[in-house]
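Asker: What follows is a structure written as structure tokens; I'll ask about it next.
The values are calculated or read from the model by the stated rules, or taken from the named source; none is laboratory data. Since we're looking at a predicted model, the values are computed, not measured. Neighbour counts run over all protein chains shown; Cβ positions are idealised from the backbone, glycine included. Note: areas computed on protein heavy atoms with side chains; ligands, DNA, RNA excluded. Shrake-Rupley method; radii C 1.70, N 1.55, O 1.52, S 1.80 Å.
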Amino acid sequence: MDRPKKKVVLRAVNSMSSLSTIVEENGVKRMRAVNSLTSISELDDNDLLALLVDRPRLKLERKNSYDEKSFSELSLYDSAHSLDGRFGWETPTFSINDSFDPHPMVSKAWEALFRSQVYFRGQPVGTIAAYDHASEEVLNYDQVFVRDFVPSALAFLMNGEPEIVKNFLLKTLQIQGHEKKIDRFKLGDGAMPASFKVLHNPIKKTDSIIADFGESAIGRVAPVDSGFWWIILLRAYTKSTGDLSLAERPECQKGMRLILSLCLSEGFDTFPTLLCADGCSMIDRRMGVYGYPIEIQALFFMALQSAHSMLKQDAEGKELMDKIGKRLNAMSFHMRSYFWLDFQQLNDIYRYKTEEYSHTAVNKFNVIPDSIPDWVFDFMPLQGGYFVGNVSPARMDFRWFALGNCIAILSSLATPEQSMAIMDLIEARWDELVGEMPLKICYPALESHEWRIVTGCDPKNTRWSYHNGGSWPVLLWLLTAASIKTGRPQIARRAIDLAEARLLKDGWPEYYDGKSGRFIGKQARKFQTWSIAGYLVAKMMMEDPTHVGMISMEEEKHMKPVLNRSFSWS
């Protein structure tokens with residue numbers, strides 16, 4: 001007699017409970033506690049890769065998680081109605097046959113994640129940056145950051161709890177409609193906040209929100225990446241839930257158009273990449289990433305693709321989609337050609353001639369070969385490559401940045417060959433890029449005179465600390481997603497095992513210091529929410545690789561693949 005199959009759905013019961021599983025046998029559902037010590041290293045590579053081929057899918061029931069009436073009372077926009085479901089996206093779900101029990105650290109992570117939730121008028125709207133009561137300085141770690149909430153949102157979506165994500169998307173959209181001024185200067189209408197804080201008045205029993213568009217940030221720089229993350233998260237929500245109505249609401253359509261209008265306006269720039277200031281992304285302090293940083297370009301590319309799949313084909317949407325299509329083509333060529341560095345290209349740059357003029361110039365940006373740092377020659381393996389940090393006139397930032405390269409893989413900004421080369425590089429330079437705690441935000445660190453000049457003697461960004469070569473556990477989910485997409489799950493497994501050895505014991509720090517990421521960051525907050533959520537997302541992706549579909553994108557059909565450099569680079 002055949003043994004009945006079990007259907008297992010992982011779900012956190014409440015904020016203070018341990019993780020449980022709902023097991024269905026012969027049509028009868030029951031709860032049982034998770035107590036297994038199974039490590040992710042015990043799962044065979046073939047088992048993980050098989051999940052990519054045999055993908056179980058289950059449509060989740062749609063939920064109207066945000067009360068229409070309450071939103072219309074709070075929003076500047078009219079309540080939206082559901083439009084025709086023309087997209088028909090498939091819905092990846094966190095439900096697999098014969099699932100293995102999770103690591104005991106998972107239940108602790110869920111407890112911490114639920115404690116971090118922020119409520120506005122009784123509804124969850126996000127998670128605070130850190131829940132570290134031991135720290136004397138709160139600063140803005142008690143606020144909901146747009147970029148920080150993304151891994152939290154993905155964790156909730158994968159766990160079948162989309163309500164908080166929908167609320168967050170609508171609340172930040174409402175904040176976008178507010179007037180944004182720094183001193184006497186007004187920001188563009190499409191700018192999204194870096195963060196917001198919910199203020200509770202226990203006497204009047206009212207809630208209010210204070211948003212930060214950069215006017216309170218260190219350095220007073222508005223975030224460029226917030227709007228891109230918002231669009232990417234809107235697509236992830238739609239992919240996960242199958243709720244097409246949210247993206248098609250007039251206010252969501254308008255929000256996307258406002259964000260992209262800021263970036264797609266024509267001006268004096270001769271590059272399709274986006275010109276940015278230092279401190280406008282995850283690296284929100286002066287680190288010499290002004291100009292055309294890889295992180296912003298990769299996020300911009302992914303946001304353009306996401307918006308292209310969600311914008312309506314009306315008069316306004318069609319015009320914008322035409323611009324998006326042209327920009328995606330231009331960006332794919334530009335980034336794949338001029339930002340890409342491998343052994344052959346490094347050798348070509350080493351032999352560059354300078355002061356070339358005309359369309360036939362090989363050294364198009366007049367990069368001086370003597371500006372190539374010595375470390376690159378030893379760092380670059382024969383097999384492998386990556387997108388450099390920045391390219392602009394007479395400047396090539398050869399540093400390796402984790403977020404930008406992982407997003408390049410997930411967004412298909414990188415070709416399949418380039419994606420594999422990035423993973424080859426990570427494996428070949430594991431000690432430098434991963435070490436004892438995944439993952440280096442950038443490599444290498446700025447030191448001595450260069451640190452003083454580039455960072456302005458920033459005492460927080462000293463060598464191998466914080467943004468200057470520090471190790472950030474949140475990047476684990478991006479590395480895992482990239483590993484699964486490229487068919488290299490063993491890379492993610494190895495990194496997750498490293499994280500599981502220390503993260504919980506160390507109190508979920510924000511970042512680690514040192515060349516190998518051995519020490520807890522000197523100013524790192526404990527119970528950093530995105531460190532917690534990043535671990536959970538990585539675990540759930542490994543258990544069900546179909547989750548990667550929320551964030552991963554294939555190259556759009558309207559984009560012509562550009563695999564080779566132009567003739568002038570030959």
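Asker: Counting only residues that are free of Cβ contacts under 8 Å to residues at least 60 places away in the same chain, give me the helices (runs of 4 or more DSSP H) lying completely in region 334-444 with at least 1 of them. Spell out how you get there, then give the answer.
Answerer: Numbers: elements: 343-350, 374-379, 402-410, 416-428, 430-433.
So the answer is 343-350, 374-379, 416-428, 430-433.
Asker: Continuing with this model, one more query. On the basis of being surrounded by fewer than 18 Cβ atoms within 10 Å (Cβ to Cβ) and under 24 Å from W400 (Cβ atoms), does F343 make the cut?
Answerer: Details: surrounded by fewer than 18 Cβ atoms within 10 Å (Cβ to Cβ): yes; under 24 Å from W400 (Cβ atoms): yes.
Here the answer is yes, as F343 does meet what is asked.
Asker: With respect to Y350, is the statement that it is among the hydroxyl-bearing types (S, T, Y) and open to solvent by 10 Å² or more (accessible area, probe 1.4 Å) true? Quick ask: steps written out before the conclusion?
Answerer: Numbers: among the hydroxyl-bearing types (S, T, Y): yes; open to solvent by 10 Å² or more (accessible area, probe 1.4 Å): yes.
Criteria met by Y350.
Asker: In addition: Does A247 fit the bill of being in a helix (DSSP H, G or I), modelled with pLDDT of 95 or more and either touching a helix residue (DSSP H, G or I) at 6+ places or on another chain (Cβ under 7 Å) or open to solvent by 10 Å² or more (accessible area, probe 1.4 Å) (or both)?
Answerer: Yes.
Asker: Does region 177-199 include one or more residues that are without any contact (Cβ under 8 Å) to a residue 40 or more places away in the chain, under 20 Å from the mean Cα position of the chain (by Cα) and assigned to a loop (DSSP other than H, G, I, E, B)?
Answerer: no
Asker: Select from region 360-377 the residues that are over 12 Å from R395 (Cβ atoms) and polar (S, T, N, Q) and list them in ascending order.
Answerer: Scanning region 360-377 gives T360, N363.
Asker: Here's something else I'd like to know. Select from region 430-460 the residues that are open to solvent by 50 Å² or more (accessible area, probe 1.4 Å) and within 23 Å of E500 (Cβ to Cβ) and list them in ascending order.
Answerer: Taking region 430-460 as the starting set, the residues that turn out to be open to solvent by 50 Å² or more (accessible area, probe 1.4 Å) are 431-432, 436, 447-450, 452-453, 457, 459.
Across region 430-460, the qualifying residues are D431, E432, E436.
Asker: Something else about it: Among the candidates K108, K166, K171, single out the residue that is at pLDDT 95 or above and under 24 Å from V224 (Cβ atoms). Don't jump to the end; show me each part of the working.
Answerer: Details: K108 fails: under 24 Å from V224 (Cβ atoms); K166 fails: under 24 Å from V224 (Cβ atoms).
Just one listed residue meets the conditions, K171.
Asker: Given the structure, is L157 open to solvent by less than 30 Å² (accessible area, probe 1.4 Å) and touching a His at 6+ places or on another chain (Cβ under 9 Å)?
Answerer: The answer is yes for L157.
Asker: If a residue has to be touching a residue at least 24 places away in the same chain (Cβ under 8 Å) and either in contact with a Lys or Arg (Cβ under 9 Å, 6 or more places away or on another chain) or part of a loop (DSSP other than H, G, I, E, B) (or both) to count, how many in region 262-286 make the cut?
Answerer: Final tally of qualifying residues: 16.
Asker: If I go through region 359-382 residue by residue, how many of them are at pLDDT below 95 and either among the aromatic types (F, W, Y) or within 29 Å of S552 (Cβ to Cβ) (or both)?
Answerer: Residues that pass the stated criteria total 1.
Asker: Oh, and also: Restricting to region 461-488, what's the tally of residues that are open to solvent by 10 Å² or more (accessible area, probe 1.4 Å) and either over 16 Å from the mean Cα position of the chain (by Cα) or modelled with pLDDT under 95 (or both)?
Answerer: Residues meeting the conditions: 7.
Asker: Taking the residues in region 304-340 that are farther than 21 Å from V391 by Cβ and among the hydrophobic types (A, V, I, L, M, F, W, C) as candidates, determine which candidate is surrounded by the fewest Cβ atoms within 10 Å (Cβ to Cβ).
Answerer: A315
Asker: Let me ask something additional. Considering only region 511-555, state which residues are open to solvent by 10 Å² or more (accessible area, probe 1.4 Å), in a loop (DSSP other than H, G, I, E, B) and among the charged types (D, E, K, R).
Answerer: Scanning region 511-555 gives K515, R518, K522, R525, K526, E554, E555.
Asker: Kindly indicate whether any position in region 132-140 is surrounded by 15 or more Cβ atoms within 10 Å (Cβ to Cβ), of a type in the set (D, E, K, R) and at pLDDT below 95.
Answerer: Yes, that holds for at least one residue.
Asker: Give just the number: which of (1) assigned to a loop (DSSP other than H, G, I, E, B); (2) touching a residue at least 60 places away in the same chain (Cβ under 8 Å); (3) acidic (D, E) does D207 not satisfy?
Answerer: (1)
Asker: Given the structure, is G507 open to solvent by less than 60 Å² (accessible area, probe 1.4 Å), more than 29 Å from G160 (Cβ to Cβ), more than 20 Å from the chain's Cα centre (by Cα) and modelled with pLDDT of 95 or more?
Answerer: So G507 does not fit the description; no.
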